[in-house]
Amino acid sequence: MILLSLIATLGILLYAQFLLNPSNRGDFIPYVMVIVAETILVTHALLSMWTILSGRTSAKTFGYHEARRVMFDKKAIKAAGLTDQPELWPILLNGKQVLVDVFITVYGEDIEKIRATATAAMAIKGKHRTWILDDGRSDDVKALADELGCHYVRRLSSGGAKAGNINHALSIAKGDFFAVFDADFVPRPEFLVETMPFFENSTVAFVQTPQTYGNLINMVSRGAGYMQTVFYKFVQPGRNHFNAAFCVGTNVIYRRAAVNDVGGIYTDSKSEDVWTSLMLHERGWKTIYIPKTLAVGDAPETIEAYTKQQLRWATGGFEILLTHNPLSPRRKLSMDQRIMYLVTATHYLTGIAPGILLMVPALEVFFDLRPVNLTISWQTWLLFYAGFYLLQILLAFYTLGSFRWEVLMLAAVSFPIYISAFYNALTKKEQKWHVTGSKSKVQSPFNFMIPQVLVFFFLAFTSVVSIWRDLGNSQLSLATAWCVTNTFILGAFIVVAFKESWHNKHPRDLVPDPVAGITDVEDGTETAPAVLANTIDRPALEAQAAANGDTTEKNDTISVLAADAAEDENTDDIKNGVYAK
């Protein structure tokens with residue numbers, strides 16, 4: 001990874017030198033468009049390399065390992081007759097017993113998803129209280145809480161969305177620490193064992209774990225899921241080095257005193273997680289990220305869900321840029337933290353850049369305007385261009401285990417979402433909260449991709465004109481190749497939309513696919529999704545793994561969800577059965 005990052009950095013610098021060389025400058029308008037777009041991409045690529053290369057050390061210190069060793073008093077547990085009930089083992093931190101609350105935020109999700117998450121949460125090793133925070137105000141959810149024996153909280157309004165829901169619960173639950181899980185993220189039994197020891201350091205505000213997805217069943221969910229892998233596997237660990245790892249809203253545990261110090265979870269943004277992290281860092285708190293899968297959830301499966309998720313995330317990032325710029329001298333951040341939060345605030349500009357570059361070939365085809373001068377051959381341009389983009393693809397290939405064209409497709413077609421998000425942040429337009437993966441209203445995917453459809457037809461027409469021109473000149477131009485490629489990518493997205501629309505009109509009662517995998521951000525392997533079950537048929541799973549050609553221990557289909565439990569003395573961590581293939 002270090003070698004690839006260094007080589008990729010060299011490729012980035014050479015491409016930047018090529019673009020900025022005055023002798024290579026073409027016509028003003030396309031040249032400026034390319035410079036603006038590529039400056040965004042090159043800058044973020046370099047900062048990503050810097051962050052990745054900074055994250056080669058573990059966040060686990062000697063103090064962490066010692067705190068984990070004495071986390072449970074085994075003699076007292078045995079004397080109390082709790083050996084077979086790890087979810088009731090008192091948690092010791094710095095010699096004192098601490099109280100932990102586990103919050104499950106609910107807002108209209110499917111009842112069976114909530115059941116799976118709540119059941120798993122109650123089975124987490126270490127004494128804790130499980131709370132269902134129901135902003136959907138559902139009697140069925142209340143009945144489920146009563147059935148499972150966990151606490152239930154319902155408030156009269158939904159003010160502040162998810163952040164308001166958590167803050168309301170904090171006025172009732174009085175634990176020293178509280179974990180937060182979205183309703184579709186099923187926690188593993190060892191969540192507290194892996195995270196609580198970090199709090200032996202009294203300056204640690206929260207410990208964040210990755211979002212790992214168990215529903216990579218179609219092109220949208222795979223693209224959305226794999227798109228996050230580089231961030232969770234390499235970038236977030238690097239941010240530990242700068243004390244700039246931020247919360248992602250779920251699979252996280254907070255120190256209550258730290259949240260109280262900043263007045264609760266931030267409520268004035270739909271990206272309450274990043275904003276709360278920023279507030280904590282400004283107050284001098286330390287944050288920790290560990291790249292270990294400790295909960296498995298759902299990526300958006302539809303174009304509607306993906307669009308709404310990205311719109312919410314991007315708007316929150318742009319809000320930081322426009323209203324709380326981390327470079328302002330008023331911000332009490334270190335220089336490293338300022339840079340990291342600037343990257344966060346401007347990250348979704350990298351999603352707008354492809355939209356700018358899509359228009360450049362049309363300027364050549366219709367107006368004979370070129371971004372580079374005519375003395376530059378397409379072979380020379382491709383040499384420098386490949387040094388940047390092909391090495392980025394190689395890095396992604398290494399990270400994901402193979403080339404994921406779904407990621408390329410979504411990255412290329414999402415620019416209207418991010419332009420809309422920037423407009424929302426600029427005009428302070430209020431957004432309604434949407435649940436990722438919610439299927440309460442099935443709408444046509446084309447309702448959420450009108451700009452992409454219009455751009456596709458424009459590029460298709462431009463491609464036809466460009467090909468006709470090249471045939472007349474008996475020479476293939478770079479503009480034609482670029483335009484046809486972009487047309488193909490947007491066309492693939494439209495095909496995905498047609499397939500989704502067809503499935504919406506022809507629903508079927510499907511049995512959950514036991515082979516559909518998740519990506520473990522820790523080792524990049526695909527493993528089974530988390531589903532509700534009562535037992536784990538280990539021999540059957542191992543046989544199925546062998547049939548799939550996945551025979552190594554690390555890539556065992558059950559390794560991410562179950563095998564780690566074998567490391568503990570008590571293997572009944574999963575006795576309530578929430579992990580099976």
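When ligands, DNA and RNA are left out and all protein chains stay put, how many square angstrom of accessible area per residue does segment 19-110 have with a 1.4 Å probe? Mind dumping the intermediate values first?
Working: 4960 Å² over 92 residues.
Value for segment 19-110: 54 Å² per residue.
Between D84 and K499, the simple spin-label model (points 7 angstrom out along Cα→Cβ) gives 4.8 nm.
Share of carbon and sulfur in the accessible area of segment 174-256 stands at 51%, probe radius 1.4 Å. The calculated FRET efficiency for V453 paired with T380, based on their beta-carbon distance and R0 = 35 Å, is about 0.50.
What percentage of the solvent-accessible surface of segment 265-368, computed with a 1.4 Å probe over protein heavy atoms, is contributed by carbon and sulfur atoms? Walk me through the numbers before you get to the answer.
Values: 1980 of 3420 Å².
Answer for segment 265-368 is 58 percent, counting heavy atoms of protein chains only.
Multiplying the residue separation of F28 and L408 by 0.36 nm and subtracting their alpha-carbon distance yields 133.9 nm.
Between the listed residues T195, T209, F242, the Cα displaced farthest toward the positive end of the dipole of segment 164-251, a dipole computed from Cβ unit charges relative to the Cα centre, is found at F242.
Of the solvent-accessible surface of segment 41-132, computed with a 1.4 Å probe over protein heavy atoms with every protein chain present, carbon and sulfur atoms account for 57 percent.
Note that segment 442-493 presents 55 Å² accessible area per residue, ligands and nucleic acids not counted, probe 1.4 Å.
Between F367 and M335, how high is the FRET efficiency from 1/(1 + (r/R0)^6) when r is the Cβ-Cβ distance and R₀ = 60 Å? Nearest 0.05.
On the way: r = 44 Å, r/R0 = 0.73.
The formula returns an efficiency of 0.85 here.
R469 to K74: extension gain in nm, 0.36 nm per residue of separation minus the Cα-Cα distance?
Difference between extended and current length: 134.3 nm.
Based on the Cβ-Cβ distance from L6 to L476, what FRET efficiency comes out when R0 is 41 Å, to the nearest 0.05?
Numbers: r = 35 Å, r/R0 = 0.84.
The calculated FRET efficiency here is 0.75.
Placing a label point 7 Å from the Cα of R56 along the Cα-to-Cβ direction, the residues of segment 1-44 whose backbone N falls under 20 Å of that point are 1-13. Packing-based ranking of 61-70, 295-304, 313-322 yields 295-304, 313-322, 61-70, ordered from highest to lowest mean Cβ neighbour count within 10 Å. Protein heavy-atom accessible surface, 1.4 Å probe, per residue over segment 219-273: 26 Å². Here the label points at T39 and L99, each 7 Å from Cα along the C-beta direction, are separated by 5.5 nm in the simple model.
The values are calculated or read from the model by the stated rules, or taken from the named source; none is laboratory data. Everything numeric in this text was worked out from a predicted model, so none of it was measured. So basically every Cβ, Gly included, is an ideal-geometry build from the backbone, and we count neighbours across all protein chains shown. For accessibility, only protein heavy atoms count, side chains too; no ligands or nucleic acids. Shrake-Rupley method; radii C 1.70, N 1.55, O 1.52, S 1.80 Å.
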